[in-house]
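Asks: Structure below; questions to follow.
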Amino acid sequence: MTPPTRLIRAAHPDDAPAVVALRALVHPYLVRGVESTRRMIAQPPPDEDWAAYVVEVDGTVVGWVSAYRNAQTSQADVGEVATLHVHPEHRGRGAGTALLTAALGHLRDIGARTVRTWALPESLPFARRHGFTPSRELRYSALDLRPAPPMPQPPPGVRLLPLTDLDPRRVHRAEVATAADEPGDVPADSISYENWYSEVWDNLGLDRAASTVAEVGDEIVAFSLVKRDGDRMWSDYTGTLPTHRGRGLARLVKTAALHRAAAGGVRVAYTSNDEANAPMLAVNVGLGYRPVGSSWSCLHELA
């Protein structure tokens, strides 16, 4: 019998259907559709030196990884190895190591020194063997939107608006103001408009009719962004300006976004939170989210 032929190569836009199918098998709570994935491969965000690799066995994609410069932090020379995964039937044969080697090689070439990746709990031994140290735990949660949560009533002086007719620069300013103290290994304190526009506003999965902001006067003070693929959605980011926290605005905008998404045909919502983000975890538990998985950030210093 002829042994199977394995090939590691750069990802192509036409790999998108196979990549999405593989991701759904290994990470069923992640939401990114075929066309959004196709564009990500063909037109990656600016300033990231983004690259992606796949493993093929007899012409079938069985593994994926992307690697890029973290362009959203002021910390120098941070690289990311993102969503490294291999089909369960092809593990233990070197595919994961080959993908990680390619990703780290790319990060060395672009001058990264500190590398962060994410590992499922069962993959932590693999991460440790390759010199990574587990750092922070991330919780994935899901919410059945049948029935949908009722549309909340905002308090006096607060207006709930969809993204549909908003200037994207206003939303970007709000995210910059809220993200700087988000729990994590590196601060998200250097989010350029160009990078944000590519990753968020121009993302084919962004549901502007469901995504919701809370406005006070002429200022966006809280928001909840929805990215969608069919009847599944991902709460991309929910944030409240520091000066307006403690008023229940995060729950307000997230509930409104979930209501609007359900009205548009979404049946299940997914999200993730750092285990140290107690306020947002409390919001999600209060809305009825249930844990469906976890992963760990892992850090490594390149020699």
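Rundown of residues vs (1) assigned by TED's automatic domain parsing to the domain that holds residue 280; (2) over 17 Å from the mean Cα position of the chain (by Cα); (3) of a type in the set (Ser, Thr, Tyr), yes/no style:
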{"residue": "77", "(1), (2), (3)": "no, yes, no"}
{"residue": "85", "(1), (2), (3)": "no, no, no"}
{"residue": "89", "(1), (2), (3)": "no, yes, no"}
{"residue": "93", "(1), (2), (3)": "no, yes, no"}
{"residue": "101", "(1), (2), (3)": "no, yes, yes"}
{"residue": "117", "(1), (2), (3)": "no, no, yes"}
{"residue": "126", "(1), (2), (3)": "no, yes, no"}
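Asks: (1) in a helix (DSSP H, G or I); (2) on the phi > 0 side of the Ramachandran plot: which one isn't true of residue 127, the others all being true?
Replies: Residue 127 satisfies every listed condition except (2).
Asks: Taking only the stretch 11-70 into account, find how many residues are closer than 16 Å to residue 87 by Cβ and not charged (D, E, K, R).
Replies: Qualifying residue count for the region: 24.
Asks: I've got another one for you. Determine, yes or no, whether residue 146 is on the phi < 0 side of the Ramachandran plot, surrounded by fewer than 17 Cβ atoms within 10 Å (Cβ to Cβ) and either part of a helix (DSSP H, G or I) or without any contact (Cβ under 8 Å) to a residue 24 or more places away in the chain (or both).
Replies: Numbers: on the phi < 0 side of the Ramachandran plot: yes; surrounded by fewer than 17 Cβ atoms within 10 Å (Cβ to Cβ): yes; either part of a helix (DSSP H, G or I) or without any contact (Cβ under 8 Å) to a residue 24 or more places away in the chain (or both): no.
Here the answer is no, as residue 146 does not meet what is asked.
Asks: Right, something else. Examine the stretch 81-88 for a residue that is out of contact with any Cys (no Cβ under 6 Å at 6 or more places or on another chain) and more than 17 Å from residue 120 (Cα to Cα), and state whether such a residue exists.
Replies: Going residue by residue through the stretch 81-88, those that are out of contact with any Cys (no Cβ under 6 Å at 6 or more places or on another chain) are 81-88.
This time we only want the ones that are more than 17 Å from residue 120 (Cα to Cα), so: none.
No, because not a single residue in the stretch 81-88 is out of contact with any Cys (no Cβ under 6 Å at 6 or more places or on another chain) and more than 17 Å from residue 120 (Cα to Cα).
Asks: How do the strands (runs of 3 or more DSSP E) wholly within the stretch 167-276 filter down when requiring 1 or more residues that are under 14 Å from the mean Cα position of the chain (by Cα) and buried (at least 23 other Cβ atoms within 10 Å of the Cβ): which remain? Reasoning before the result, please.
Replies: Values: elements: 212-216, 219-229, 232-240, 268-274.
Strands (runs of 3 or more DSSP E) meeting the threshold: 219-229, 232-240, 268-274.
The values are calculated or read from the model by the stated rules, or taken from the named source; none is laboratory data. Not measured: the values here are computed from a predicted model. Because the Cβ atoms are built from the backbone with ideal geometry, glycine has one as well, and the counts that use them run over all protein chains shown.
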